[in-house]
């Protein structure tokens, strides 16, 4: 009897692995399932929301709670900055154009210790500056070639062509991602930039024991509870702690901090903006499933696929909707709507079909009625714009030529949009 049981278990997992290996994403619009998109201005019990007050007191709280409990996960406690330290500062960064600061934020609780470093570039001769805040994937030292940028000692995914071997960041990767961060353009436009290596807050691997989550484990707990935070919510938590610091920094206009993210960090920027209303604006670049793309379309990456590939990004409850999107009483347009009335920019890339550009556009479109409730202009056209032809309203969108990346074209649009709606 026992041998049959183990045979069953073996065959079950064998079938699961086979199914995963055989997964073929859908990119054919004719094969998108028929679905009914939930109305962001109708409560779960069917009542129409007709005023900002009803949105803010009834609909927004219930949507935020659903996304918290069933997708990104609840932060199970509060932890403030224990201390901060200026590790390095230069008033002649970027060939004399900018101020550079490297700030270490420390967090302590019981026997737990966590630090992460914010690299900041600020325009000179300006007292209070608006700021783009973002994570990077391979360390602060990768965003410019400046020799004084500290190399993080945190775990990193191996990337041999960047010189990252045995999960260690190295000098070889200095400046390798500078193409994604046109810092001087931001400085020239009057904006600062603050970046954090996301692996210092929570290493991007299926092991929620070496980031911020263990600070809140109780008794012999080893993993977050079913409704508690995965890595995306942990990374969003880190962005909010950076905001705590900005509110103390006299050189930063904390009322004008725009949170930016690409790919999985675009998912993070959306959740950070939805869950922390202090952010003045949100930019989601190629964020796809679990970010700006509508889940019910099942185009490109799906809930099932993302939960299999990255089971630690979301809370365990999100797995209830793997291959079960029709049961979701929400969709990602309502995540975007949670940011209202603050400006939000959703961007896609023509060749990044995995992220479902049309689903990202539609989410921005269907979030727009909530912005209209506030008297803000969202997406007003039902058809996607032409490639490289941005729609720049309080809700903005563009699809550009190229692949899954961050380009100068993207940043040129973000700066132009921020000049109009935030600065």
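Key figures for this structure:
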read-out: Test: residue in the stretch 399-412 that is under 21 Å from the mean Cα position of the chain (by Cα), buried (at least 18 other Cβ atoms within 10 Å of the Cβ) and over 23 Å from residue 130 (Cα atoms); value: yes
read-out: Count of residues meeting criterion [within 19 Å of residue 213 (Cβ to Cβ) and not in a helix (DSSP H, G or I)] in the stretch 305-330; value: 6
read-out: Unmet requirement for residue 271, which otherwise passes all of (1) without any contact (Cβ under 8 Å) to a residue 40 or more places away in the chain; (2) within 19 Å of residue 338 (Cα to Cα); (3) surrounded by 24 or more Cβ atoms within 10 Å (Cβ to Cβ); value: (1)
read-out: Only listed residue being surrounded by fewer than 23 Cβ atoms within 10 Å (Cβ to Cβ) and on the phi < 0 side of the Ramachandran plot, chosen from 301, 334; value: 301
read-out: Flag if residue 211 is out of contact with any strand residue (DSSP E or B) (no Cβ under 7 Å at 6 or more places or on another chain) and part of a loop (DSSP other than H, G, I, E, B); value: yes
read-out: Members of the stretch 331-346 found to be within 23 Å of residue 299 (Cα to Cα) and not in a strand (DSSP E or B), listed by number; value: 331, 332, 333, 334, 335, 336, 337
read-out: Test: residue in the stretch 347-355 that is in contact with a helix residue (DSSP H, G or I) (Cβ under 9 Å, 6 or more places away or on another chain), surrounded by fewer than 21 Cβ atoms within 10 Å (Cβ to Cβ), in a loop (DSSP other than H, G, I, E, B) and touching a residue at least 24 places away in the same chain (Cβ under 8 Å); value: yes
read-out: Among the candidates 398, 404, residue that is in contact with a helix residue (DSSP H, G or I) (Cβ under 8 Å, 6 or more places away or on another chain) and either at pLDDT below 95 or in a loop (DSSP other than H, G, I, E, B) (or both); value: 404
read-out: Failed criterion for residue 174 (all others in (1) free of Cβ contacts under 8 Å to residues at least 40 places away in the same chain; (2) in contact with a helix residue (DSSP H, G or I) (Cβ under 6 Å, 6 or more places away or on another chain); (3) surrounded by fewer than 20 Cβ atoms within 10 Å (Cβ to Cβ) hold); value: (3)
read-out: Subset of the stretch 116-133 [over 16 Å from residue 185 (Cα atoms) and either surrounded by 17 or more Cβ atoms within 10 Å (Cβ to Cβ) or without any contact (Cβ under 8 Å) to a residue 40 or more places away in the chain (or both)]; value: 116, 117, 118, 119, 125
read-out: So residue 154, is it under 30 Å from residue 98 (Cβ atoms), in contact with a helix residue (DSSP H, G or I) (Cβ under 6 Å, 6 or more places away or on another chain), part of a loop (DSSP other than H, G, I, E, B) and without any contact (Cβ under 8 Å) to a residue 60 or more places away in the chain; value: yes
read-out: Test for residue 146: is it surrounded by fewer than 21 Cβ atoms within 10 Å (Cβ to Cβ), out of contact with any helix residue (DSSP H, G or I) (no Cβ under 8 Å at 6 or more places or on another chain), modelled with pLDDT of 95 or more and not in a helix (DSSP H, G or I); value: no
read-out: Selected residue [buried (at least 17 other Cβ atoms within 10 Å of the Cβ), at pLDDT 95 or above and more than 24 Å from residue 111 (Cα to Cα)] from 256, 185; value: 256
read-out: Some residue of the stretch 54-64 being on the phi > 0 side of the Ramachandran plot and either at pLDDT below 95 or surrounded by fewer than 13 Cβ atoms within 10 Å (Cβ to Cβ) (or both); value: no
read-out: Residue within the stretch 298-315 that is closer than 24 Å to residue 392 by Cβ and touching a helix residue (DSSP H, G or I) at 6+ places or on another chain (Cβ under 7 Å) present; value: no
read-out: Residue under evaluation residue 371, criteria (1) out of contact with any helix residue (DSSP H, G or I) (no Cβ under 7 Å at 6 or more places or on another chain); (2) crowded, with 21+ Cβ neighbours inside 10 Å; (3) within 21 Å of residue 289 (Cα to Cα), criterion not met; value: (3)
read-out: Residue count for the stretch 75-111, restricted to those that are under 30 Å from residue 328 (Cβ atoms) and surrounded by fewer than 17 Cβ atoms within 10 Å (Cβ to Cβ); value: 3
read-out: Output for the stretch 238-264, where each listed residue is within 16 Å of residue 283 (Cβ to Cβ) and either more than 21 Å from the chain's Cα centre (by Cα) or in a strand (DSSP E or B) (or both); value: 256, 257, 258, 259, 260, 261, 262
read-out: Pairs, first surrounded by fewer than 24 Cβ atoms within 10 Å (Cβ to Cβ) in the stretch 225-236, second assigned to a helix (DSSP H, G or I) and at pLDDT 95 or above, C-beta under 6 Å, six or more apart; value: 226/316; 226/317; 227/69; 227/317
read-out: Matching residues in the stretch 1-25 - criterion: being touching a helix residue (DSSP H, G or I) at 6+ places or on another chain (Cβ under 9 Å) and either assigned to a loop (DSSP other than H, G, I, E, B) or at pLDDT 60 or above (or both); value: 23, 25
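The values are calculated or read from the model by the stated rules, or taken from the named source; none is laboratory data. Quick caveat, the model's predicted, so the values are computed rather than measured. Every residue, glycine among them, receives a Cβ derived from its backbone with ideal geometry; neighbour counts consider all protein chains shown.
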